[in-house]
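Heads up, the thing below is written out as structure tokens.
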Amino acid sequence: MGKLVIKFRGNQIGDVALKLGDTTIGRDPACDVVLKDDKSVSKKHAVIKTVGNKSTLEDQGSTNGTFIEDKRIQRHELKHGQIIIISEHELIYRDDVVLAAPSFGQRPTASAATSQSANDQTRIITSYAQLVTLDGKDKGKHLSLMKEETLLDNPGKSPARIYRGPDGYVLHAQLGPGEPRLNDKPVPPGGQILENGDIIEVAGTKFQFV
């Protein structure tokens, strides 16, 4: 049976084993997975329907949407390691049946068990920063910064570029009128390491780094 590893603002806060049938997710205390610390989560935000070894995520008409990494979805069959994003929460889907699948009557080898343990640890600790759109037609949308380079389009000007590296996320942009800004100031030459809560403005749209 699969499970969800739950993170809030990059910090792991728990995990929940999925059950056969419906596992509800939302802000309502009656939900199976309660995301109570985030007001942008709808009361009944999403549901995971589990039949046999297959789990399918369905949005329940939420205001701010349900995402698989950076793609908004209405219905999606989950695969091991995929990250469900609901506002500032990340729910990492782990298919324990896939993780432990030796042939019937056989025991996994020591090397396989070690590899599995390392894989589990990687899945749990890996987290990506996000951009939250603060205004415009995409207000409330979350963009997970999973790629090594993320471009924010700036029509008629140079795009903003966010690079993901071992020391964090670095914003690069050109100087001049109409170019991207950071916290209402020009982006310094050579780039600027982003910190939680920073506001990036590109082509009149503001994004918050979280």
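The values are calculated or read from the model by the stated rules, or taken from the named source; none is laboratory data. Since the structure is predicted, the reported quantities are computational estimates derived from the model, not experimental observations. Here the Cβ is made from the backbone with ideal geometry for all residues, glycine too, and neighbour counts use every protein chain on show. The protein model used for the area step is the full one, side chains on, heavy atoms only, and it has no ligands, DNA or RNA in it. Shrake-Rupley method; radii C 1.70, N 1.55, O 1.52, S 1.80 Å.
Numerical summary
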item	result
Largest-first ordering by accessible area, 1.4 Å probe, given options His45, His80	His80, His45
Nitroxide proxy distance, nm - points 7 Å out along Cα→Cβ at Lys147 and Thr56	3.0 nm
Residues of type lysines that Lys79 reaches as a straight line, Cα spacing below 22 Å, ignoring anything fewer than 8 places off in the same chain	Lys3, Lys7, Lys19, Lys49, Lys54, Lys71, Lys147
Hits among aspartates and glutamates - C-alpha to C-alpha of Lys43 under 20 Å, sequence gap 8 or more where chains match	Asp15, Asp22, Asp28, Asp32, Glu58, Asp59, Glu88, Glu90
Stretchable slack from Asn11 to Asp32, in nm (0.36 nm times residue separation minus alpha-carbon distance)	5.5 nm
q = 0.16 Å⁻¹, region 1-47: log10 I(q)/I(0) [Debye, one scatterer per Cα]	-0.42
Potential extension, Lys185-Arg164 segment - 0.36 nm per residue separation minus Cα distance	5.4 nm
Accessible area (Å², 1.4 Å probe, nearest 10) - His76	50 Å²
³J(HN,Hα) computed for each position of region 184-191 - Karplus, 6.51 cos²θ - 1.76 cosθ + 1.60, integer Hz, glycine/proline x	6, 10, x, 6, x, x, x, x
Karplus-derived HN-Hα couplings along region 12-29 (A = 6.51, B = -1.76, C = 1.60, θ = phi - 60°), whole Hz, x at Gly and Pro	6, 10, x, 8, 9, 7, 6, 10, 5, x, 9, 10, 8, 10, x, 8, 5, x
14 Å cut-off, amide nitrogen to a point 7 angstrom out along Gln174 Cα→Cβ, residues in region 193-209	203
Kirkwood Rh in Å, taken over region 14-88 so that all alpha-carbon pairs contribute	12.4 Å
Placed amide H near Tyr169: partners under 5 Å, 5+ positions off or other chain	Leu194
